[in-house]
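Every number in this text was worked out from the coordinates using simple rules, so none of it is lab data. The structure presented is a predicted model; accordingly, all values stated were derived computationally and were not measured. Here the Cβ positions follow ideal geometry from the backbone for every residue, glycine too, while neighbour counts run over all protein chains shown.
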Ligand code: IVH
């Protein structure tokens with residue numbers, strides 16, 4: 001291929017990949033299965049490797065994050081990025097409405113939007129290309145974080161509009177990514193982020209864009225900055241235009257004619273807020289017409305035509321009566337506050353992680369204190385502060401032990417970690433947590449073997465190591481409390497069934513550091529047998545897409561341990577399958593009837609578990625989502641299907657029963 005041909009080919013591939021990307025990340029409606037996307041991406045990477053002079057920053061290959069940078073450059077905002085005045089009550093909203101109406105002396109329409117709890121960013125496009133992304137900074141001068149923003153897949157790298165345009169919005173971290181990130185941080189003994197907003201901000205302020213690329217950030221665009229050619233007369237039309245240009249806008253906005261309607265919208269979201277998959281901290285109310293916005297103008301700090309209603313952060317006061325220590329699967333010792341039960345944001349809270357000793361010192365938390373608690377980002381209970389005026393003098397300071405509370409061996413603080421760790425590989429607490437993980441749903445998924453039963457078996461000395469699960473004896477089990485013939489037989493059957501699990505479940509269950517469920521699947525698909533995986537060296541592992549150096553290193557170290565190899569040989573001897581039984585990469589059918597389809601599962605399933613059905617559909621190129629919408633292609637309805645079924649009927653979505661799914665999968 002010559003340069004000209006490569007140029008044309010690259011252009012075409014980029015356009016196609018940009019389209020796929022938009023369908024997947026913005027519209028949530030992919031038209032092709034993931035492997036088709038991967039295939040095209042591979043072609044583009046290969047071509048760009050052959051013709052490196054054709055690589056441009058707006059190529060879809062550049063989303064994974066390029067080289068680290070030394071510092072962020074400063075960016076001057078041509079149109080200042082202002083913040084908004086706040087309203088904390090209905091009265092504040094009515095006062096705002098009165099000021100607006102007095103200022104305009106005519107009727108007004110408002111647009112209400114969700115106030116996304118992330119950080120404000122500005123994106124500049126020139127000749128249809130994303131050229132610069134910046135933080136708000138002090139409103140006039142921000143920082144150039146283009147390299148990091150480019151990794152957010154819902155940000156288009158190209159748009160179909162040649163005139164220069166600066167758009168603004170909120171970058172954020174979805175709740176699921178936040179929880180996963182913090183879980184990983186705690187596992188590694190690192191300090192978790194206090195809330196999704198800090199996590200998003202922390203990720204975008206990394207000098208190494210590869211880190212941001214892994215953080216699963218997202219964005220909603222809600223406004224326009226500098227835009228010479230802009231002619232649209234209202235904010236609502238601008239939102240529509242942004243959407244048409246390929247930007248991700250939040251769908252939950254509404255036009256309101258009166259402040260009562262606005263208040264109604266606010267109250268609805270106070271209720272519905274927990275259903276969202278991202279954090280919001282209020283509602284933003286904007287005057288719709290641009291000429292009216294201009295007439296109202298600005299105060300020194302904020303526009304007169306908009307206001308942010310802030311939801312009250314629900315807090316509660318309770319007593320901290322003890323601090324408990326727990327040893328996790330990887331040996332990290334975590335202190336947890338035991339609280340007198342108290343209701344916050346919808347649920348009863350009795351425990352709150354205190355993370356580590358530094359945090360306890362910082363907040364000066366003592367046993368017996370009266371404390372204020374809240375749910376950080378409305379998810380995780382957190383001790384906000386101590387009510388010092390309630391102290392009686394009886395409170396006790398807390399110190400982390402120097403020995404493991406479970407096995408007594410000395411705790412260590414690894415370099416650059418805030419956490420204390422027990423490094424005894426035979427520590428019973430770690431073994432027990434490891435077993436609980438091994439049998440859990442995303443791992444070996446052994447029915448009837450939950451946390452309680454593992455604890456019981458562990459206490460009774462029937463299991464210590466993973467292999468012991470497969471050596472359980474019926475007679476011994478029958479001796480245990482609350483274990484009748486039927487439950488013992490069911491348990492043994494479930495254990496037996498689990499022996500046939502595909503490799504990825506075993507891999508995830510083994511608890512190799514940094515190997516989550518998704519990575520386990522990638523490894524299983526790639527290596528197909530545990531023997532091939534345990535022979536792989538660093539180079540072979542890092543050659544696998546999605547396997548980074550840290551993970552590869554951890555896998556190599558893991559399989560270098562003699563006791564690990566003994567365990568695997570023992571599991572094989574006990575009859576466990578150690579091969580991948582899913583659809584092999586090479587066998588994936590492009591013409592599968594599920595390819596590119598968006599599918600929803602509902603009702604009680606009998607022939608499969610939900611997870612199984614989901615995995616099968618996904619390996620065949622389908623996408624499984626949680627709710628029925630116009631984008632849904634197919635609903636699989638098990639027994640007693642409820643509202644999703646009704647919705648699918650209403651939208652004329654194709655509906656199958658479980659048997660039809662089974663037949664299709666068997667084919
Ligand atoms: S409009 C001049 N709309 O809230 C108006 N802001 O203090 C600029 N935010 O800095 C903001 N969601 O970071 C607007 N739908 C939304 C928003 C939103 C979140 C943030 C933004 C801004 C702060 C307001």
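Based on Cα contacts under 8 Å between residues 6+ apart, the stretch 160-201 shows a relative contact order of 42 percent.
Rounded to the nearest angstrom and listed largest first, the equivalent-ellipsoid semi-axes of the stretch 64-186 from its Cα gyration tensor are 32, 22, 15. Working ranking of peptides 93-105, 624-636 by packing, defined as the average number of other Cβ atoms within 10 Å per residue, highest first, is 624-636, 93-105. Put the Cα centre of the stretch 247-290 next to the Cα centre of the stretch 109-141 and the gap is 18 Å. Stretched out straight at 0.36 nm per residue, the stretch from residue 272 to residue 88 would grow longer than its current Cα-Cα span by 64.4 nm. Seen from a random direction on average, the alpha-carbon convex hull of the chain projects onto 34.6 square nanometres.
Write down the percent of antiparallel bridges among all DSSP beta bridges whose residues are both part of the stretch 586-651, to the nearest 5. Walk me through the numbers before you get to the answer.
Numbers: 1 of 8 bridges.
The antiparallel fraction comes to roughly 10 percent.
Per the Kirkwood treatment, what hydrodynamic radius in Å, one decimal, follows for the stretch 286-384 from the mean inverse distance over all distinct Cα pairs?
Values: mean 1/r = 0.0611 Å⁻¹.
16.4 Å is the Kirkwood radius here.
For the stretch 280-374, averaging the sequence separation of C-alpha pairs within contact (under 8 Å, six or more residues apart) and dividing by the residue count gives a relative contact order of 26 percent.
Quick one: compute the contact order of the chain, relative version, from alpha carbon pairs under 8 angstrom and 6+ residues apart, as a percent. Please report the intermediate quantities before stating the final value.
Values: 1150 pairs, mean separation 68.9, N = 667.
Normalised by residue count, the contact order of the chain is 10 percent.
Relative to one another, the C-alpha centroids of the stretch 597-646 and the stretch 35-90 are positioned 34 Å apart.
Rank these for me by crowding, 256, 422, going from fewest to most other beta carbons within 10 Å. It would help to have the intermediate numbers written out before the result.
Numbers: 256 19, 422 24.
Result, fewest neighbours first: 256, 422.
In terms of other Cβ atoms within 10 Å, 17, 296, 338 run from fewest to most in the order 338, 296, 17. At an R0 of 60 angstrom, the distance between the Cβ atoms of residue 260 and residue 43 translates into a FRET efficiency of 0.60.
So for the stretch 553-622, considering every pair of alpha-carbon atoms, how many percent are separated by more than 21 Å? When every Cα pair of the stretch 553-622 is considered, 53 percent fall beyond 21 Å. Report summary: the helix-based calculation at 222 nm, which adds -39500 (n - 2.57) for every DSSP H run with n ≥ 4 and divides by the residues of the chain, gives -11000 deg cm²/dmol.
Both numbers refer to the Cα atoms of the stretch 522-583; Rg and Dmax are 12.0, 33 Å.
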